[in-house]
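A.B. asks: Below: one structure in structure tokens.
The numbers here are math on the coordinates, done by the rules we state, and not lab data. Note that this is a predicted model, so its numbers are computed, not measured. Cβ atoms come from the backbone with ideal geometry, glycine included; neighbour counts cover every protein chain shown.
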Amino acid sequence: MDEEQWSMFMKELRGPGEEEEPELRKGFSLDLWGRLSESGLFASLSDMGRDGGAGLKTAVRRVRELGRTSPDRGLTFSAVTQLASTVYCLRGFASKELQERYLPAAEAGTAIGGHAITEAAAGSDVMNMATTATLRGDTYVLDGTKRFITNAPVASTLVVYAKTVEDGEEKGLSAFLVETAWPGVDTSRAMPTAGLRSSPIGEVLLEEVEVPTSHRIGYSGAGLLILDQVMKREILLAFAGNIGEMERLVQRSVDHVNEREQFGTSIGSNQLVANRIVESQIAIELGGALIESIADRIDGFDEMTIPIAAAKIFISEANVASVLNAIQVHGGNGYLETSPLPIDLMDALPGAIYSGSNDLLRTKIATMLGIVN
Amino acid sequence: MSTINEVKDYITEKFAKDISSEDLPSDIDLNATGILTSVSTVQLLGWCGRTYRIPINSIPIDPDVLKTPEGIAKFIDSHRVGADK
Ligand SMILES: Cc1cc2nc3c(=O)[nH]c(=O)nc-3n(C[C@H](O)[C@H](O)[C@H](O)COP(=O)(O)OP(=O)(O)OC[C@H]3O[C@@H](n4cnc5c(N)ncnc54)[C@H](O)[C@@H]3O)c2cc1C
């Protein structure tokens, strides 16, 4: 792992000034993705190991730093998707053959990846998905339509989750590595979003897609178990990124309240103003500590569903609150189109929706606690 | 106590309170009977991890082995710390 390359990229990113930010965040930048790839981020999990998890901790630290340094929250989100959906999934569950064929390009960032779970009638209710993988000889035939798939418009591979039928028997969900250039795969329909605009999202149409059995990831029917682990890593990484983004906001707000004067003194000297920033810092400390503790424990012997759900809910909601606080302390200037803060708000909002909506995760915690519903 | 009996005790105590552990067949399909759902499977795996020191978040798991008490016992015995893999 090359820390020097990583540090150089971070230094480079500290470049553009505030006024350039909204421009930078209008769409996906292949150039920026290329430079991020060269920094070695996607290879961070290479010493993941079965028991140590050193790679995961490195990735968590780097994504937090990326969130703190990069004004482009969409880039961070797309990078997290690449790491969790593809790099982690292949490393954790794929055959040696699949790993050898697809990991080098995924870790170099030259092949962009994503994962396709959500469908029109299967959002929170994942098990209601209609996409099927039917075994015919030594190929699975995939049929279905996925929506809201991060990176799909620019991806060369996708991990597709589908209901598996083998010899007429339903086996549950399985995961498949699918190349987007294969016949029957269409990723051309983008779904423009209100925020995270530099992270492309789109539909994935699968029509009679022939997938060799060797492209199934893990056991047949293990899709839900795999997805559970992938989502745990996605949450850990995405919300480490959110902590970094909150740190960035705090720094921006501190600078502003020290500079801006009203009533003959800096506005920060008013404790009501200062407190808005302090609240964000408290959330950074708590959320950051929780993320680190989970990264330390995840490869151990404890079930991590409740701590991970708690971290996701806490950080995503604190992230939105901290953008609102930042807008408030910036006054009218924070609401201008030229300000990056309204974009930050639209970027922060979906944190309560993706990787399992917060309401659903609250329900899950209640069920895990044994509360009968 | 043998692993299979511990598994049956856990399942009947947590998810099938109206059955005694002696009456739970070793080969009962826990999914088909609705005893195990996606959430209770997560809870069961959590218990396996804690009790037998199995790194449940870092090993590929075949869902077929979690279908029956005897499959779960075999899974535990092959992954618990110190087991020959
Ligand atoms: C930015 C972004 C990126 C995404 N990236 C991906 C991706 O890469 N791959 C992918 O497959 N999907 C992706 N998604 C989709 C995402 O996973 C879904 O949006 C999410 O699962 C919710 O599904 P839904 O939008 O259909 O909402 P619904 O399931 O329709 O839910 C709507 C609301 O109802 C609530 N609700 C529904 N059922 C319950 C219940 N039982 N208890 C309590 N509350 C409930 C939900 O919490 C939610 O607030 C992405 C979404 C966004 C916004």
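A.B. asks: What is the magnitude of the charge dipole of the protein assembly as shown about its Cα centre, with +1 placed on the Cβ of each Lys and Arg, -1 on the Cβ of each Asp and Glu, and no other charges, expressed in debye to the nearest 20?
C.D. replies: 580 debye
A.B. asks: Using a Förster distance of 41 angstrom, determine the FRET efficiency expected from the C-beta separation of A:Ala105 and A:Gln251, and round it to 0.05.
C.D. replies: 0.70
A.B. asks: Looking at this model, which pairs from A:Lys312/A:Lys364; A:Lys171/B:Lys17; A:Lys26/A:Lys312; A:Lys232/A:Lys312 are more than 20 angstrom apart at the alpha-carbon?
C.D. replies: From the list (A:Lys312/A:Lys364; A:Lys171/B:Lys17; A:Lys26/A:Lys312; A:Lys232/A:Lys312), the Cα-Cα distance tops 20 Å for A:Lys171/B:Lys17; A:Lys26/A:Lys312.
A.B. asks: Which ³J(HN,Hα) values in Hz, rounded to whole numbers, follow from the phi angles of region A:297-314 under the Karplus curve 6.51 cos²θ - 1.76 cosθ + 1.60, where θ = phi - 60° and Gly and Pro get x?
C.D. replies: Result, rounded to whole Hz: 9, 5, 8, x, 9, 8, 6, 10, 4, 5, x, 5, 4, 4, 5, 5, 5, 4.
A.B. asks: Follow-up question, since we're still on this one. Between A:Glu169 and A:Ala366, what FRET efficiency follows from the Cβ-Cβ distance if R0 is 41 Å, with the result rounded to 0.05?
C.D. replies: Taking R0 as 41 Å, the efficiency between A:Glu169 and A:Ala366 is 0.75.
A.B. asks: Please give the Cα centre distance for region B:1-66 versus region A:208-278, rounded to the nearest Å.
C.D. replies: Cα centres, region B:1-66 to region A:208-278: 35 Å.
A.B. asks: A follow-up question, please. With an 8 Å Cα cut-off and a minimum separation of 6 or more residues, compute the relative contact order for region A:114-220 in percent.
C.D. replies: Value for region A:114-220: 31 percent.
A.B. asks: Based on a Kirkwood Rh over C-alpha pairs, give the Stokes-Einstein translational diffusion coefficient of the protein assembly as shown at 10 °C and viscosity 1.306 mPa s in µm²/s.
C.D. replies: 68 µm²/s
A.B. asks: Follow-up. Measuring from a point 7 Å past the Cα of A:Leu349 along Cα-to-C-beta, which residues in region A:65-93 have an amide N at less than 12 Å?
C.D. replies: none
A.B. asks: Can you pull the one-decimal nm distance between simple spin-label points at A:Arg297 and B:Thr33, each 7 Å off the Cα toward Cβ?
C.D. replies: A separation of 3.2 nm, rounded to one decimal place.
A.B. asks: Moving to a separate point now. What distance in nm separates the simple spin-label points at B:Asp77 and A:Ala289, each placed 7 Å from Cα in the Cβ direction?
C.D. replies: Going from the B:Asp77 label point to the A:Ala289 one covers 4.4 nm.
A.B. asks: For region A:323-340, just list the computed ³J(HN,Hα) in residue order, Karplus coefficients 6.51, -1.76 and 1.60, θ = phi - 60°, integers in Hz, with x standing in for Gly and Pro.
C.D. replies: 5, 4, 5, 5, 4, 4, 6, 7, x, x, 4, x, 9, 5, 4, 7, 7, x
A.B. asks: Find which of A:Thr139, A:Trp182, A:Pro212 sits farthest along the positive direction of the dipole of region A:114-220, computed with +1 on the beta-carbon of Lys and Arg, -1 on that of Asp and Glu, about the Cα centre.
C.D. replies: A:Trp182
A.B. asks: Quick check: convex hull over the Cα atoms of region A:243-373, volume per residue in Å³, rounded to an integer?
C.D. replies: Cα-based convex hull of region A:243-373, divided per residue, equals 120 Å³.
A.B. asks: Between A:Arg136 and A:Thr213, what is the label-to-label distance in nm when each label sits 7 Å out along the Cα-to-Cβ direction?
C.D. replies: The answer from the label model is 1.6 nm.
A.B. asks: Can you report the principal axis dimensions of region B:3-79 using only the alpha carbons, biggest first, rounded to whole angstrom?
C.D. replies: Here the spans come out as 33, 21, 18 Å, largest first.
A.B. asks: Do the sum for chain A: with -39,500 (n - 2.57) for every DSSP H run of n ≥ 4, divided by all residues, what is the mean residue ellipticity at 222 nm, to the nearest 500 deg cm²/dmol?
C.D. replies: After summing the helix terms and dividing by residue count, I get -15500 deg cm²/dmol.
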